[in-house]
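The block underneath contains the structure these notes are about, expressed in structure tokens.
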Amino acid sequence: MASPNLMSYHDGGAELRLAANMSSMPHHLPSTGALAGRTLAVASTSEIILRPREVILTFDDGPRAGKTPAILDTLEEYGVKATFLMLGSAAKANPKLAREVAERGHTVGSHTYDHVDLNTVSRQEALDEIARGEEAVSDALGGAGQGLSPFFRFPYLSQTGFLRTSMLSGNIVVLDVDIDSKDYYKDSPETVAARTLDRLDARGSGIILFHDIHQRTVDMLPGFLAELEARGYSVVRLAPKNQGIFDRDVITAQAHVFEGR
């Protein structure tokens, strides 16, 4: 997840409007199918270019029993696909669930092994943590779906120039964040949805950060997707242009490390 700042976001009007809309809707509002957009296949971060009113849905830190399955059901109800950036430790603990994510057509990338802030450890330790995470997620998937894709997100969005350059030169597609839902704040589902929609409308398109480990995210997602559809957005499915991590140079623990961080 991203590092929370100390400012609390609260748009009372937007929250009340969304709460009214959500309370009047069934938990899974039947979708017209208009929300599903194109598939964008990329081999580098620079190729992630969205058109106006296009979004990419991403979920970090899972998979988690009791949360991820409900999110998968909601995504299926609306006919859209997301990208799940899994922790190696979570995938190792829930391999069947990790495989279910991939088997249901979603893209799976990695997010380190244990959600370490890579800016606080040495270069070698950071590379080890990334490599360990990739290996654990790949092992848990066991080739399900398209296997582990070369997508990666820095925990807390915390990175160094060395690490980012290392990822990109190793043909890893680093996923940045355009709209942070801040669903890790202890806010109501309505507040999370309103905040995210407000920021999305201001920007017009982008990569949205959620986490499939929070009940508030599970609860807000149906209403959020219904509102996306009502506002004319489409959800882009992100996919690797190559087949997976084994089509590129894998970051390994034996990588050469310069002095310093």
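Can you report the number of residues in the range 188-228 which are buried (at least 20 other Cβ atoms within 10 Å of the Cβ) and among the acidic types (Asp, Glu)?
3
Quick test for you: out of Ala126, Ala91, pick the one residue that is modelled with pLDDT of 95 or more and within 15 Å of the chain's Cα centre (by Cα). First the steps, then the outcome.
Values: Ala126 fails: within 15 Å of the chain's Cα centre (by Cα).
Within the list Ala126, Ala91, the selection yields Ala91.
Open to solvent by 10 Å² or more (accessible area, probe 1.4 Å), over 14 Å from the mean Cα position of the chain (by Cα) and among the acidic types (Asp, Glu), is that true of Asp180?
Values: open to solvent by 10 Å² or more (accessible area, probe 1.4 Å): yes; over 14 Å from the mean Cα position of the chain (by Cα): no; among the acidic types (Asp, Glu): yes.
Criteria not met by Asp180.
From the list Arg99, Arg38, Arg51, exactly one residue is assigned to a loop (DSSP other than H, G, I, E, B) and either in contact (Cβ under 8 Å) with a residue 12 or more places away in the chain or surrounded by fewer than 16 Cβ atoms within 10 Å (Cβ to Cβ) (or both). Which is it? Break it down into steps so the answer makes sense when it comes.
On the way: Arg99 fails: assigned to a loop (DSSP other than H, G, I, E, B); Arg38 fails: assigned to a loop (DSSP other than H, G, I, E, B).
One residue alone meets the criteria, Arg51.
For residues that are open to solvent by less than 10 Å² (accessible area, probe 1.4 Å) and in contact with a helix residue (DSSP H, G or I) (Cβ under 7 Å, 6 or more places away or on another chain), scanning just the range 156-177, find the one that is farthest from Ala41 (Cα to Cα).
Let us first name the residues in the range 156-177 that are open to solvent by less than 10 Å² (accessible area, probe 1.4 Å), namely 163, 167, 170, 172-175.
The next check asks that each one be in contact with a helix residue (DSSP H, G or I) (Cβ under 7 Å, 6 or more places away or on another chain); those that pass are 163, 173-174.
Details: Leu163: 24, Val173: 11, Val174: 14 Å.
Going through the qualifying residues, I end up with Leu163.
The values are calculated or read from the model by the stated rules, or taken from the named source; none is laboratory data. Treat the numbers as computed from the prediction; the structure is a model and nothing was measured. Backbone-built Cβ (ideal geometry, glycine too); neighbour counts: all protein chains shown. Quick note on the areas: whole protein, heavy atoms, side chains included, nothing else; ligands and nucleic acids left out. Shrake-Rupley method; radii C 1.70, N 1.55, O 1.52, S 1.80 Å.
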